[in-house]
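Visitor: Below is one structure. I have some questions about it.
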Amino acid sequence: MAAASRIDESNRRVKPSEDGMALDHQLAHIHKVRHYWLSQVDPERTAGFDDGFVDGWQTPISDLDAIKELLIVSGEAVRETMRHLLTNDVGPVAGYDHPILFLQHMIWHEGWHVGLIFLGLRLAGQEPSEEWEESNIWSEWRTE
């Protein structure tokens, strides 16, 4: 996740709003949601990795690099699970009529949190440039 590369020790505690989650918490939350849904859909894939929190959903682990690594692991797990679901025509999954609807849920959720991360960075005076966004965010989706 490219947005994670913008978070470091100097800004990890920045919040997009007074009552919002800090940026490191946003990252850990994204991973934990992936972990939760994967545990419902493909529990064997989540057996080997941590959920990123020390106490349920309240306190993320303190090691920022470990949180970023968990995002890589869970991102790969989501990709592999989706590949399996789609190539094997599994049908309804996790309460959704089709695996694509499950994936759509995941994308919407992560997009929401990436927006909050960017808002937090903006409020901290560290908003990524349009050039950075184009090469690190939008180019992942565009094929032209």
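The values are calculated or read from the model by the stated rules, or taken from the named source; none is laboratory data. All figures in this text were calculated on a predicted structure; none of them were measured in a lab. Methodologically, a virtual Cβ is constructed for each residue, glycine included, from the backbone with ideal geometry; neighbour enumeration extends over all protein chains shown.
Visitor: Can you find, within the stretch 18-74, the residue that is nearest to L103 (Cα to Cα) among those that are acidic (D, E) and part of a loop (DSSP other than H, G, I, E, B)? Give the steps one after another, and end with the answer.
Guide: Of all residues in the stretch 18-74, those acidic (D, E) come to 18-19, 24, 42, 44, 50-51, 55, 63, 65, 69.
Keeping just the survivors that are part of a loop (DSSP other than H, G, I, E, B) gives 18-19, 42, 50-51, 55, 63.
On the way: E18: 30, D19: 28, D42: 14, D50: 21, D51: 19, D55: 27, D63: 28 Å.
Checked the stretch 18-74; the qualifying residue nearest to L103 (Cα to Cα) is D42.
Visitor: Determine whether E80 is in contact (Cβ under 8 Å) with a residue 40 or more places away in the chain and surrounded by fewer than 17 Cβ atoms within 10 Å (Cβ to Cβ).
Guide: No.
Visitor: Moving on to the next point. Taking into account only those residues within the stretch 95-125 that are surrounded by fewer than 16 Cβ atoms within 10 Å (Cβ to Cβ) and in contact with a helix residue (DSSP H, G or I) (Cβ under 7 Å, 6 or more places away or on another chain), which is modelled with the highest pLDDT?
Guide: Only one residue tops the list, namely H109.
Visitor: Give me the pairs: first residue in the stretch 93-122 and within 28 Å of E18 (Cβ to Cβ), second residue in a loop (DSSP other than H, G, I, E, B) and basic (K, R), beta-carbon distance under 7 Å, and six or more apart or on different chains, which are they?
Guide: Taking only residues 6 or more apart or on different chains, the pairs are G120/K15.
Visitor: Return the total of residues in the stretch 123-144 being closer than 17 Å to M1 by Cα, of a type in the set (D, E) and either in contact (Cβ under 8 Å) with a residue 60 or more places away in the chain or not in a helix (DSSP H, G or I) (or both).
Guide: The total comes to 2.
Visitor: Conditions first: (1) touching a Ser or Thr at 6+ places or on another chain (Cβ under 9 Å); (2) not in a helix (DSSP H, G or I). V90 passes all but one, so which condition is the exception?
Guide: That leaves (1) as the condition not met.
Visitor: Related question: If you scan the stretch 131-140, which residues turn out to be exposed (fewer than 15 other Cβ atoms within 10 Å of the Cβ) and under 21 Å from D8 (Cβ atoms)? Write out each step before concluding.
Guide: Applying the first criterion (exposed (fewer than 15 other Cβ atoms within 10 Å of the Cβ)) to the stretch 131-140 yields 131-132, 134-135, 138-140.
Scanning the stretch 131-140 gives E131, W132, S135.
Visitor: Out of (1) in contact with an Asp or Glu (Cβ under 9 Å, 6 or more places away or on another chain); (2) on the phi < 0 side of the Ramachandran plot, what's the single condition that is false for L71?
Guide: Only one criterion is unmet by L71, namely (1).
Visitor: Scan the stretch 58-76 and tell me whether some residue there is touching a helix residue (DSSP H, G or I) at 6+ places or on another chain (Cβ under 8 Å), of a type in the set (K, R) and modelled with pLDDT of 90 or more.
Guide: Looking through the stretch 58-76, at least one residue is touching a helix residue (DSSP H, G or I) at 6+ places or on another chain (Cβ under 8 Å), of a type in the set (K, R) and modelled with pLDDT of 90 or more.
Visitor: Next up: Give me the residue from the stretch 38-60 that is β-branched (V, I, T) and crowded, with 16+ Cβ neighbours inside 10 Å and, out of that set, farthest from the chain's Cα centre (by Cα). Let's see the steps before the verdict.
Guide: Filtering the stretch 38-60 for residues β-branched (V, I, T) gives 41, 46, 54, 59.
Pick out the ones that are also crowded, with 16+ Cβ neighbours inside 10 Å and you get 41, 46.
On the way: V41: 17, T46: 15 Å.
Filtering first and then ranking leaves V41.
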